[in-house]
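**Student:** Let me give you the structure first, and then I'll get to my questions.
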Amino acid sequence: MSKFVMIIFGASGDLTKRKLMPALFSLYREKRMPDDFIVLGVARSTYTDETFRTRIGYDDTFSRHLHYLSIDPSKADGYAQIDQRLEQLTGETKPANLLFYLATPPSLYGIIPQHLKRAGLNRPGTRIIVEKPFGYDLQSAQELNNIYASVFEEHQIYRIDHFLGKETAQNILAFRFANGIFEPLWNRNYIDYVEITAVENMGIEERGGYYEGAGALRDMVQNHLIQLVALTAMEPPAKFNAETFRNEVVKVYDSLRPLTEEDLNEHVVRGQYTASGSRKGYREEDNVAAESRTETYIAMKIGIENWRWSGVPFYIRTGKQMPTKVTEIVIHFRSTPHQMFHGEDTPYARANQLVIRIQPHEGIVLKFELKEPGGGFKVKQVSMDFSYDQLRDVPVGDAYARLIEDCIQNDATLFTRSDAIEASWRFFDPLLKYWKEKPEAPLYGYPAGTWGPLESEAMMNEHNASWTNPCKNLTNTDQYCEL
Ligand SMILES: NC(=O)c1ccc[n+]([C@@H]2O[C@H](COP(=O)([O-])OP(=O)(O)OC[C@H]3O[C@@H](n4cnc5c(N)ncnc54)[C@H](OP(=O)(O)O)[C@@H]3O)[C@@H](O)[C@H]2O)c1
């Protein structure tokens, strides 16, 4: 059996140090790495094996698996050196049990595979993981897909999005499809609307250069949020494997109701954080233009045109500099058809909600009405909650470790297929074009540390709905407050 080698391009960068190496180390510690595995870091910085190992900072038993080669991956001439080094490290001629990991700036995602092909390194048995973002619009994603298809077979290409590596994202599937009680309710007859929130309480930190060109739509919505929509809305595949699961994801994307002129004007709210207290405004951040119109917040109403979901709005939002960091899905069920307890002293019963918290304090909360103790029939909302903290003996695994291990085992289920990437960009492309052609389209300021532009609340009020804003200091799944 050929020795397994993982070749990381961009190995001197932040992702390698902060995410990939800890993931590899945890797989190694848990004896889940192949025997005698080799990691070859590749980047322009001039490290030796020794200085690279010191930089990564693990003990000798793990570090002795790490090696480094200094070349410029954007230039073709260094690739013969990669091949030589691989032969030297494995002791094999034309080693083929290779996993390439592209952790470089996205501008190199199209160049590196072409150099690999020219150097004959795209051998059968090799795999390639490409970091997000895969393209910046439909056309660029299609161009990238064409390049990859000319170098590798689709089963060798792993477009990574660490969101799907999270235990709680995968648990949406288990929750929906391993339980009988929710499925009969999981449709337009019983669900009024769905809310998906993925917000952060930090700004863009040191990433101004990247963020200016990306914005919230490309950074979060086109990939993470739309994947959560797919997990919430998809049909159960007959069997669970990479093809059947990903077929169902693509069906959801293909069912998204194309954005109309009305949607672009009225069902999309974009915002940008402004200075507040000690917090800087977005335009004051490093490497951000003083007149920047890049969105740091976006809220949208989207529709899925199929039998299950027709007429059920999905409200999705993401933002930087929000009051807290949280990712969650809230399913709002329809109210009871008749409010028999409502009276002068008794408020309307509230509709049931199911909250699926992806992070932090992962868990699931079902909210329902009960009678308040005492005279009369006053009802109030209570919740039944499950928190992953209750499974203390089962550590919640790291997303990167899970995904790297899946790739080593040739399991592409949790990676994005070429048609899904394109279907998702196809849906968002009109919005990107609209903003490009109409830079004067509204961009609302919101003070850093607040829940975003008030216009996004107004957008939901059309449906008699409002955002569920979790409390600032989240400690457990059942702590919620209204603004
Ligand atoms: N960091 C994260 O948490 C994170 C999360 C999700 C996705 N990603 C994605 O993962 C990728 C890597 O992220 P990162 O934060 O590690 O990026 P990074 O630090 O900006 O870049 C990684 C390495 O690429 C090399 N590089 C930079 N410009 C280059 C150029 N023009 N030509 C050749 N090599 C160049 C640099 O190494 P040398 O100068 O030594 O060559 C750098 O250390 C990015 O595409 C990012 O979008 C990152």
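**Student:** Hey, any hits in the range 205-213 for a residue that's among the aromatic types (Phe, Trp, Tyr), in contact (Cβ under 8 Å) with a residue 40 or more places away in the chain and away from the ligand (no atom under 16 Å from the Cβ)?
**Tutor:** No, the conditions are met nowhere in the range 205-213.
**Student:** I would also like to ask the following. Among (1) surrounded by fewer than 17 Cβ atoms within 10 Å (Cβ to Cβ); (2) in contact with a Gly (Cβ under 8 Å, 6 or more places away or on another chain), there is one condition Ala216 misses while meeting the rest; what is its number?
**Tutor:** Condition not satisfied by Ala216: (1).
**Student:** Which residues, taken from the range 191-236, are outside any strand (DSSP E or B), under 17 Å from Ala169 (Cα atoms) and not hydrophobic (A, V, I, L, M, F, W, C)?
**Tutor:** First pass over the range 191-236, keeping only residues outside any strand (DSSP E or B): 200-236.
Remaining after also requiring under 17 Å from Ala169 (Cα atoms): 220-236.
Hits for the range 191-236 are Gln222, Asn223, His224, Gln227, Thr232, Glu235, Pro236.
**Student:** Filter the range 272-297 for residues that are buried (at least 17 other Cβ atoms within 10 Å of the Cβ) and more than 15 Å from Asn201 (Cα to Cα) and give the result. Write out each step before concluding.
**Tutor:** Let us first name the residues in the range 272-297 that are buried (at least 17 other Cβ atoms within 10 Å of the Cβ), namely 272-274, 280-283, 285, 288, 292, 294-297.
Once the filter is applied, which keeps residues that are buried (at least 17 other Cβ atoms within 10 Å of the Cβ) and more than 15 Å from Asn201 (Cα to Cα), the range 272-297 yields Arg283, Glu285, Val288, Ser292, Thr294, Glu295.
**Student:** Something else about it: It is to be established whether one or more residues within the range 175-182 are in the same structural domain as Leu431 (by TED's automatic domain parsing) and either within 16 Å of the ligand (Cβ to nearest atom) or assigned to a strand (DSSP E or B) (or both). It would help to see each step written out before you state the result.
**Tutor:** Step one: list which residues in the range 175-182 are in the same structural domain as Leu431 (by TED's automatic domain parsing), which gives 175-182.
Then drop every residue that is not either within 16 Å of the ligand (Cβ to nearest atom) or assigned to a strand (DSSP E or B) (or both), which leaves none.
Checked the range 175-182: no residue is in the same structural domain as Leu431 (by TED's automatic domain parsing) and either within 16 Å of the ligand (Cβ to nearest atom) or assigned to a strand (DSSP E or B) (or both).
**Student:** Next up: Out of Pro395, Pro439, Pro373, Pro430, which single residue is at pLDDT below 95 and closer than 30 Å to Leu102 by Cβ?
**Tutor:** From the options Pro395, Pro439, Pro373, Pro430, the qualifying one is Pro395.
**Student:** Then there is this: Only residues that are of a type in the set (A, V, I, L, M) and assigned to a helix (DSSP H, G or I): list them for the range 104-119, please. Talk me through it step by step, then tell me what you get.
**Tutor:** The initial filter retains those residues of the range 104-119 that are of a type in the set (A, V, I, L, M), namely 108, 111-112, 116, 119.
Across the range 104-119, the qualifying residues are Leu108, Ile111, Ile112, Leu116.
**Student:** For the range 115-124, check the following and say yes or no: at least one residue is modelled with pLDDT under 95, over 18 Å from Ala230 (Cα atoms) and not hydroxyl-bearing (Ser, Thr, Tyr).
**Tutor:** First, pick out the residues of the range 115-124 that are modelled with pLDDT under 95: 124.
Those left that are additionally over 18 Å from Ala230 (Cα atoms): 124.
Applying the additional criterion that residues be not hydroxyl-bearing (Ser, Thr, Tyr) yields 124.
Within the range 115-124, one or more residues are modelled with pLDDT under 95, over 18 Å from Ala230 (Cα atoms) and not hydroxyl-bearing (Ser, Thr, Tyr).
**Student:** Could you tell me which numbered condition Glu369 fails, if it satisfies all but one of (1) among the acidic types (Asp, Glu); (2) in a strand (DSSP E or B); (3) within 27 Å of the chain's Cα centre (by Cα)?
**Tutor:** The one condition Glu369 does not meet is (3).
**Student:** For a quick check of your reading of the model, give me the residue pairs whose first member lies in the range 4-27 and is over 14 Å from Phe62 (Cβ atoms), whose second is polar (S, T, N, Q) and outside any helix (DSSP H, G or I), with beta-carbon atoms closer than 7 Å and at least 6 apart or on different chains.
**Tutor:** Within 7 Å, the pairs are Phe4/Asn97; Val5/Asn97; Phe9/Thr104; Gly10/Thr104; Ser12/Ser45.
**Student:** Sticking with this one: Limited to the range 4-39, what total is found for residues that are in contact with a strand residue (DSSP E or B) (Cβ under 6 Å, 6 or more places away or on another chain) and surrounded by fewer than 22 Cβ atoms within 10 Å (Cβ to Cβ)?
**Tutor:** Counting residues in the range 4-39 that are in contact with a strand residue (DSSP E or B) (Cβ under 6 Å, 6 or more places away or on another chain) and surrounded by fewer than 22 Cβ atoms within 10 Å (Cβ to Cβ) gives 2.
**Student:** Let me ask something else. Restricting attention to the range 307-337, which residues are in contact with a Phe, Trp or Tyr (Cβ under 9 Å, 6 or more places away or on another chain) and not in a strand (DSSP E or B)?
**Tutor:** Across the range 307-337, the qualifying residues are Arg308, Val312, Pro313, Lys320, Gln321, Met322, Pro323, Arg334, Ser335.
**Student:** So which of Pro347, Pro337 ends up being loosely packed, with under 12 Cβ neighbours inside 10 Å and either over 40 Å from the mean Cα position of the chain (by Cα) or within 24 Å of His463 (Cβ to Cβ) (or both)? Give the derivation first.
**Tutor:** Working: Pro347 fails: loosely packed, with under 12 Cβ neighbours inside 10 Å.
Going through Pro347, Pro337 in turn, the sole match is Pro337.
**Student:** Specify which of the listed residues (Thr346, Thr324) is in contact with a Cys (Cβ under 8 Å, 6 or more places away or on another chain) and more than 19 Å from Gly215 (Cβ to Cβ).
**Tutor:** On the way: Thr346 fails: in contact with a Cys (Cβ under 8 Å, 6 or more places away or on another chain).
Criteria check complete, one pass: Thr324.
**Student:** Got a sec? Which of Asn171, Asn122 is away from the ligand (no atom under 16 Å from the Cβ), out of contact with any His (no Cβ under 6 Å at 6 or more places or on another chain) and outside the structural domain of Gly13 (by TED's automatic domain parsing)?
**Tutor:** Working: Asn122 fails: outside the structural domain of Gly13 (by TED's automatic domain parsing).
When all the criteria are applied, what remains is Asn171.
**Student:** Another question, if that's okay. Out of all the residues in the range 125-161, which are over 22 Å from Arg426 (Cβ atoms) and either surrounded by fewer than 20 Cβ atoms within 10 Å (Cβ to Cβ) or away from the ligand (no atom under 16 Å from the Cβ) (or both)?
**Tutor:** Applying the first criterion (over 22 Å from Arg426 (Cβ atoms)) to the range 125-161 yields 125-129, 151-153, 155-156.
Selection gives Gly125, Thr126, Arg127, Val151, Phe152, Glu153, His155, Gln156.
The values are calculated or read from the model by the stated rules, or taken from the named source; none is laboratory data. Because the structure is a prediction, the values reported are computed rather than measured. Counting neighbours? That spans all protein chains shown, and the Cβs are built from the backbone with ideal geometry, glycine included.
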